[in-house]
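The block underneath contains the structure these notes are about, expressed in structure tokens.
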Amino acid sequence: MTSPATAIFNAETIAIVGATEKSHWPRNIYGNLQKSGYSGKVFPVNPKRDDIFGVPCYPDLASLPEPADLALMIIPAPFIEGALRQGAENGLKAAVVYASGFGDGGRKESIKRGEAFKQALTEINVPLCGPNCMGLVGVRENIYCYPHEHVSGLEPGSVALVTQSGGTLSYYAKAGQERGLRFSYLISSGNELSLDLADYMNFVIDDPETKQICLFIEGIRKPDEFMKAAGRALKAGKPIIAIKTGRSQKSREAAQSHSGAVAGDYAAYEAVCERYGIINCETLEEMVEMTVPFQQGRLPKGPRVAFMTTSGGTVDLLHDYCDQEKTAVADLAPETVEAIRPYVPADCHIRNPIDTGAPVGVSGKSAPAEICKAFAADPGVDMVAWCNNMPGSARSAGAQDEVKALVEFTDKPVISFARMPHQIPEGGLAFQEATNMPFVQGTRIGVRAMNALWFFGERAGRDTPEIPTPAGAQANCDGEALETALAARGLPAPKTARAANSDKAGDAAATVGFPAALKIISPEAGHKTEIGGVALNIADETAAVAAAEGMAKKLHAIDPKAHIDGFLAQEMVSGVELLVGARDDPQYGPMLIVGAGGVMVELVKDIALRLLPASEDDIHNMLGDLRVSALLDGFRGSGPADKEALIAGIKGLSDFFLDHRTWLADIEINPLMVRPKGQGVCAVDIRTVGR
């Protein structure tokens, strides 16, 4: 597919609208274009000057000797639309708008101008980057439209950066170069009133020279298009390494203020990352380090890592970090242990991670490199990590030929990681490039990088599932009909009986048997426990009537106009309490939620989310993400729960939601009781929200 962003980077003529020597932005951009060897023509535009930068200057876009393919609008916001219309009438193909004041900042004038400009763009029909951006760079095309002087003359490479933060482009480009990253494109997208994140993603996905895509995200304006682009990147085997603001409420408010973005729910965004293989980073520093190992161009066939160190303390940290990050530490085969033995002291305990102490050279061979080769030859090892600094720095090991031979010995990912960040030594980047050995700065990031390689490798090349068309009934499915429908999908309700009023509550409780549970039925009692609408372990009919009368009294004290439809008596059910639900996220669509259930759900916040549709494997992995999963496996003498029935029931709920979401916006079972193995599950309390 052809992205509209293509017009920017195909530009053979560029006009700098607002060219002046008094401002460093137009001055530096002109200088960067010249210094970097842009082969096209550059026309300064300023009605007050006849020449500038030593070349002729033109009063407006209509006066140029030939049409501008790309206009760099470095003029105040009120003049942008007029200049853009004039350019469109004279053959303009694309533009970059640097000015703010188009919906950002929260001022009424800015919001009004942004809405009007967005509408005008549909008439003008010229794709533009911005507004409120700092420009962009096409490294191979030598199109340097960014105002910082050090962002120029870059060596072309395989990493594309798209950032909604203009200043971050400069810092990331500098930090990336210092770590050996080479870029294909650097784009600050700004308010994205025309071209947006998905447009740029599609552009670099289609670029054969771009192998990795880095994103700084403040908000996703077109979630459907973003997810389609992420799916294309996954299918093409191009990893997306991202950082997104919006974990906190204050961060979300700031994003809306300065970029007009809607940050959305962060947990839902993380579910998008899981589905589309997006590697979500915690810090900008991590995003740089995470990009380095992907430059090796290798993906593992499994998650198991072997670690080589010369430090017992590093081994201890690796155990901690691997446990924290749920990293699979490979078990070494006996043949691997024997292959390593000649290269370590006699008293060395050969295990993974290994502390070799002072490794022993044999026949002039590098002991660390040979140990790593033994790791790589082990069929139970998928990745090799060598604790090693870049040559030239303290405690580095391995001559260039030995390290290169190690990397060429295997097709498995082999990386080096330093115990902690250090200054890049002279010649270090050349060594990294010559050997194709990525050097990652830090022990924990080394562990996380190995996980990231497998996270993406497990998903790369796959087709992402499409959301099926609803197949269920259009009408609401409530009460007994809902219970029957869910029971058919593996989610039976406990034995129940309904009472029309409090006087009949005793009869209903006797029908299900004592001890019994009693719940109020009312539209005003969505969360029953919060308003005292649930009574447990009722021993007899008299207690049931009293409990029902007490519930009605409490509800009417809160809402005198509340309507009570009756009461529900249920058998008491024991088991592991979970919450299972499905809902339509306003940005990302239908989602499945699984977590610790009962009255502590909001306090504990032990939940996992996935995009729908979800497979049984997805659900199994969700359960593995929960702290409460230990209860399902049997905890402190309790037997295992019926996990097989649980997975089938969760799959049934997710499919039911997808089939009925024409009328169903949200469904939640809390608690879903997971009984002992072989005894199934029980949907104790079901809540629905219609559209």
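Counting only residues that are in a loop (DSSP other than H, G, I, E, B) and surrounded by fewer than 20 Cβ atoms within 10 Å (Cβ to Cβ), region 505-540 holds 10 of them. Taken together, the criteria place Asp606 among residues that are open to solvent by less than 30 Å² (accessible area, probe 1.4 Å), under 28 Å from the mean Cα position of the chain (by Cα) and of a type outside the set (Val, Ile, Thr). The selection criterion, being out of contact with any Pro (no Cβ under 7 Å at 6 or more places or on another chain), part of a loop (DSSP other than H, G, I, E, B), modelled with pLDDT under 95 and loosely packed, with under 14 Cβ neighbours inside 10 Å, does not hold for Gly101. Pairing residues of region 295-307 that are open to solvent by 20 Å² or more (accessible area, probe 1.4 Å) with residues that are in a strand (DSSP E or B) and at pLDDT 95 or above, at Cβ distances under 6 Å and at least 6 apart in sequence or on separate chains, gives Pro303/Ala328; Arg304/Ala328. Condition test on Ser502, is it in contact (Cβ under 8 Å) with a residue 60 or more places away in the chain and surrounded by 19 or more Cβ atoms within 10 Å (Cβ to Cβ)? Judged against the criteria, Ser502 is a match. Quick check: is even one residue across region 541-560 surrounded by fewer than 19 Cβ atoms within 10 Å (Cβ to Cβ), outside any helix (DSSP H, G or I) and without any contact (Cβ under 8 Å) to a residue 24 or more places away in the chain? Yes: one or more hits.
Quick one: which helices (runs of 4 or more DSSP H) lie wholly within region 221-314 and hold at least 2 residues that are modelled with pLDDT of 95 or more?
223-236, 266-276, 284-294
Among the residues of this structure, Val681 does not count as one that is β-branched (Val, Ile, Thr) and either free of Cβ contacts under 8 Å to residues at least 12 places away in the same chain or more than 28 Å from Pro465 (Cα to Cα) (or both).
Picking from residues in region 633-654 that are surrounded by fewer than 20 Cβ atoms within 10 Å (Cβ to Cβ) and touching a Lys or Arg at 6+ places or on another chain (Cβ under 6 Å), the one that is modelled with the highest pLDDT is Gly652. All of (1) touching a Pro at 6+ places or on another chain (Cβ under 8 Å); (2) open to solvent by 60 Å² or more (accessible area, probe 1.4 Å) hold for Gln119 with one exception: (1). Taking each residue of region 75-98 that is among the charged types (D, E, K, R) and looking for partners that are assigned to a helix (DSSP H, G or I) with beta-carbon atoms closer than 7 Å, six or more apart or interchain, yields Glu81/Phe117; Glu81/Ala120; Arg85/Ile124; Lys93/Ala7. Within region 344-362, can one find any residue that is open to solvent by less than 20 Å² (accessible area, probe 1.4 Å), hydroxyl-bearing (Ser, Thr, Tyr), over 30 Å from Asp625 (Cα atoms) and part of a loop (DSSP other than H, G, I, E, B)? Yes, there is a match, as at least one residue in region 344-362 is open to solvent by less than 20 Å² (accessible area, probe 1.4 Å), hydroxyl-bearing (Ser, Thr, Tyr), over 30 Å from Asp625 (Cα atoms) and part of a loop (DSSP other than H, G, I, E, B). Determine which member of the set Val580, Val576 is more than 30 Å from Pro223 (Cβ to Cβ), under 39 Å from the mean Cα position of the chain (by Cα), at pLDDT 90 or above and open to solvent by less than 80 Å² (accessible area, probe 1.4 Å). None of the others qualify; the one that does is Val576. Residues that are at pLDDT 80 or above, farther than 18 Å from Ile650 by Cα and open to solvent by less than 80 Å² (accessible area, probe 1.4 Å) were ranked within region 478-496; the one that is farthest from the chain's Cα centre (by Cα) is Thr496.
The values are calculated or read from the model by the stated rules, or taken from the named source; none is laboratory data. Being a predicted model, the structure only gives us computed values, none of them experimental. No Cβ is skipped: glycine too gets one built from the backbone with ideal geometry, and neighbour counts run over all protein chains shown. With ligands, DNA and RNA removed, areas are computed over all heavy atoms of the protein, side chains included. Shrake-Rupley method; radii C 1.70, N 1.55, O 1.52, S 1.80 Å.
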